[in-house]
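Notes to accompany the following structure.
The values are calculated or read from the model by the stated rules, or taken from the named source; none is laboratory data. Nothing here was measured: the structure is a model prediction, and the numbers come from that model. Here the Cβ positions follow ideal geometry from the backbone for every residue, glycine too, while neighbour counts run over all protein chains shown. Surface accessibility is based on the protein's heavy atoms, side chains included, excluding ligands, DNA and RNA. Shrake-Rupley method; radii C 1.70, N 1.55, O 1.52, S 1.80 Å.
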Amino acid sequence: MDNSDTVKSKILVVDDNRSLTDALEKYFNHSGYESEGINSAHQLTQRLSGQAPISIILDINLGDGDGIKLLPELKAVWPGVPVVMLTAMGYDDKLMEEARRHGAQGFVSKSVPPQEMLAKVQGVLEHPEHHS
């Protein structure tokens with residue numbers, strides 16, 4: 001059985017704020033993407049044994065872990081999956097550079113509307129080699 005069509009469209013949204021993950025899941029689903037909300041670093045590491053998504057939106061500060069420190073593990077298991085870091089702290093050059101060094105392809109603030117988050121994901125899907 002080939003279910004690659006559904007796998008191709010899945011975006012993981014990883015944030016310890018359940019209302020944010022729920023809202024982004026709904027928005028992405030209405031925009032034609034399947035999405036899955038994950039609310040902890042522990043849940044994310046358990047999810048690594050499953051099928052790879054097309055992209056991950058990963059919060060920098062999870063309640064039980066550091067998103068940037070999870071990047072090497074994510075990239076080891078799913079090397080071709082682009083990761084967009086999500087933060088409420090604003091655009092910090094040091095954090096952005098550290099995230100890029102560990103494999104993130106993008107960086108977006110939680111304060112932007114969901115359509116801008118989706119646009120960032122679509123941008124890294126179209127040009128994963130570009131860091132923005």
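Matching residues to (1) open to solvent by 50 Å² or more (accessible area, probe 1.4 Å); (2) at pLDDT 90 or above; (3) of a type in the set (Phe, Trp, Tyr); (4) closer than 19 Å to LEU48 by Cα:
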site: GLY67; (1), (2), (3), (4): no, yes, no, yes
site: PRO72; (1), (2), (3), (4): yes, yes, no, yes
site: PRO79; (1), (2), (3), (4): yes, yes, no, yes
site: MET85; (1), (2), (3), (4): no, yes, no, yes
site: ASP92; (1), (2), (3), (4): yes, no, no, no
site: SER109; (1), (2), (3), (4): no, no, no, no
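Is at least one residue of region 47-65 assigned to a helix (DSSP H, G or I) and either in contact with a Cys (Cβ under 9 Å, 6 or more places away or on another chain) or free of Cβ contacts under 8 Å to residues at least 40 places away in the same chain (or both)? Full working, then the answer.
To start, the set of residues in region 47-65 that are assigned to a helix (DSSP H, G or I) comprises 47.
From what is left, the residues that are either in contact with a Cys (Cβ under 9 Å, 6 or more places away or on another chain) or free of Cβ contacts under 8 Å to residues at least 40 places away in the same chain (or both) are 47.
Checking region 47-65: at least one residue is assigned to a helix (DSSP H, G or I) and either in contact with a Cys (Cβ under 9 Å, 6 or more places away or on another chain) or free of Cβ contacts under 8 Å to residues at least 40 places away in the same chain (or both).
For region 66-94, give me each residue that is assigned to a strand (DSSP E or B) and among the β-branched types (Val, Ile, Thr).
Residues of region 66-94 that are assigned to a strand (DSSP E or B), as a first pass: 66, 83-87.
Those that are assigned to a strand (DSSP E or B) and among the β-branched types (Val, Ile, Thr): VAL83, VAL84, THR87.
Could you check how many residues of region 49-60 are within 14 Å of the chain's Cα centre (by Cα) and either open to solvent by less than 20 Å² (accessible area, probe 1.4 Å) or among the small types (Gly, Ala, Ser) (or both)? Write out each step before concluding.
Let us first name the residues in region 49-60 that are within 14 Å of the chain's Cα centre (by Cα), namely 52-60.
Right, trim to either open to solvent by less than 20 Å² (accessible area, probe 1.4 Å) or among the small types (Gly, Ala, Ser) (or both) and you get 52-53, 55-60.
Residues that pass the stated criteria total 8.
Conditions (1) part of a helix (DSSP H, G or I); (2) surrounded by fewer than 17 Cβ atoms within 10 Å (Cβ to Cβ); (3) modelled with pLDDT under 85; (4) at positive phi, marked per residue:
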| site | (1), (2), (3), (4) |
| --- | --- |
| MET96 | yes, no, no, no |
| GLN115 | yes, yes, no, no |
| ALA119 | yes, yes, no, no |
| GLN122 | yes, yes, no, no |
| HIS131 | no, yes, yes, no |
(Q) Which pairs turn up if I take residues in region 86-99 that are farther than 18 Å from THR21 by Cβ and look for partners that are at pLDDT 85 or above and in a strand (DSSP E or B) with beta carbon separation below 6 Å, at least 6 apart in sequence or on another chain? (A) MET96/PHE107; ALA99/MET85
(Q) I want to confirm something. Restricting to region 5-46 and keeping residues that are outside any helix (DSSP H, G or I), open to solvent by less than 40 Å² (accessible area, probe 1.4 Å) and among the hydroxyl-bearing types (Ser, Thr, Tyr), which single residue is farthest from LEU86 (Cα to Cα)? (A) SER9
